[in-house]
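One structure is given here, and the rest of the page talks about it.
Each value in this text was obtained by applying a stated rule to the coordinates, not by laboratory testing. From a predicted model like this one, the values you see are computed outputs, not experimental measurements. So basically every Cβ, Gly included, is an ideal-geometry build from the backbone, and we count neighbours across all protein chains shown.
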Amino acid sequence: MTDIIEIPAALLPLDGRFGSGPSKVTDAQVKALVASQPGVLGTSHRQAPVKGLVRDIRSMLGELYALPEGYEVILGNGGSTMFWDAAAFSLVRERAQHCTFGEFGAKFAKATGGAPHLSASSVRTAPAGGAILPEAEDGIDVYAWPHNETSTGVCVPVVRPTGIGDALTVVDATSAAGGVEVDIAQADVYYFAPQKSFAADGGLWFAIVSPAAIARIEEIAASGRWIPESLSLKVALDNSRADQTLNTPAVATLVLMRAQLEWMLAGGGLGFAAARSRASSDLVYAWAERTGWTETFVTDPVLRSPVVATIDLHPSVDSAELRRHLRAQGVVDIDPYRKLGRNQIRIGVYPAVDPEDVGRLVKSLDYLVERLLT
Ligand SMILES: *Cc1c(COP(=O)(O)O)cnc(C)c1O
């Protein structure tokens, strides 16, 4: 009836969600969502229950990152993509430098590059699978790079370049935050969205901002530059301090996010969450090393992402065919980033993913390929 090669139940992951975003949502989060009905769901975001939810998330993120003096957590609607536009309006004074080594870094560079009120951005580019880091340059007031480039599975250090004066470091942590450890003092702005390591839904952005970033936001807001209200980080800052957003947030996403933060903090914090992802990705990379038909896409081991593992397949193994058999059995979303165009699988191993399921995933892959190649 079907040409699907059936994987024995003993090998199949108990939960087959390995997407890089949206990513696996846990049962505990869904239980928290159910428990928020009634009381929180379907109630005003201007009243205590939802404001309390926002306050909890802001303070839990502060705890997770052990925020240095004066750092604050702000949030707004629109996800990380919207944050890029907000940054072009509210963080870049005159000219930004971007490091791009994949799709997401390049998209932010495009956002500031096209802004008519800014000078053309300085863009430092490395080929997909590699990386490049920021370097001091005259006339630059924002240095931007991704902590984890989700499209290629490359993770780089977050270190403030020397000699940049009062310029800001603005780090895209969309997929790193919650799953990779960081010295937050190296970033002036560390921004992310809830649908990756925090296992929630999309649609919001969060940013951890330093006193210097807050000063920059205030300075640009007072400068007379025209800024759309929905993209003003000054408006977001003022609303966040009141545990609110300019316009209505996705309340259910906030509930899911708080539940995942509770789980991370109860387990021991960022070190605990990062170790779980590291255990999963180490397992994938070790498997790829010892398997004849796989090759780790990121050749430099220190750049290999602990949260998103990209594995090239031998031409005799068709990624799409492999994924077709897996999807039919509930193992989903290990597709390579669409524009990379490689015969690859990309495995999202955010903290919510059980390392045991990753072990089962590689066994399932071995099982399928053994049969597909004969
Ligand atoms: C997913 C992702 C984005 C885009 O996030 P949205 O919330 O969908 O806008 C940006 N940067 C990185 C590194 C990502 O992984």
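At a glance:
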item	result
Relative contact order of the stretch 133-203, pairs being alpha-carbon contacts under 8 Å that are 6 or more residues apart, as %	28 percent
Longest site-free stretch - the chain; sites: GluC sites (Glu not before Pro), DSSP loop, at most 13 other Cβ within 10 Å	95-374
Tally of Lys pairs whose C-alpha atoms are under 24 Å apart, taken over the chain, 8 or more apart or cross-chain	14
Sites Leu11 and Thr299 - FRET efficiency at Förster radius 35 Å, r taken between beta-carbons, to 0.05	0.75
Length gained when the stretch Leu246-Asn343 is fully extended (0.36 nm per residue, less Cα-Cα span)	30.6 nm
Listed residues Leu326, Leu118, Leu168, most fluctuating in the chain (Gaussian network, C-alpha, under 10 Å)	Leu118
Computed label-point distance, nm, for sites Glu321 and Thr374 using a 7 Å Cα→Cβ extension	1.6 nm
Residues in the stretch 169-197 reached by a label modelled at Ala215 [backbone nitrogen below 15 Å; 7 Å Cα→Cβ]	169, 188-189
Selected from Gly178, Gly224, Gly202 as most flexible by GNM, with the chain as the system and alpha-carbon contacts under 10 Å	Gly224
Highest-fluctuation residue, Ser23, Ser44, Ser223 considered, GNM on the chain with Cα pairs under 10 Å	Ser223
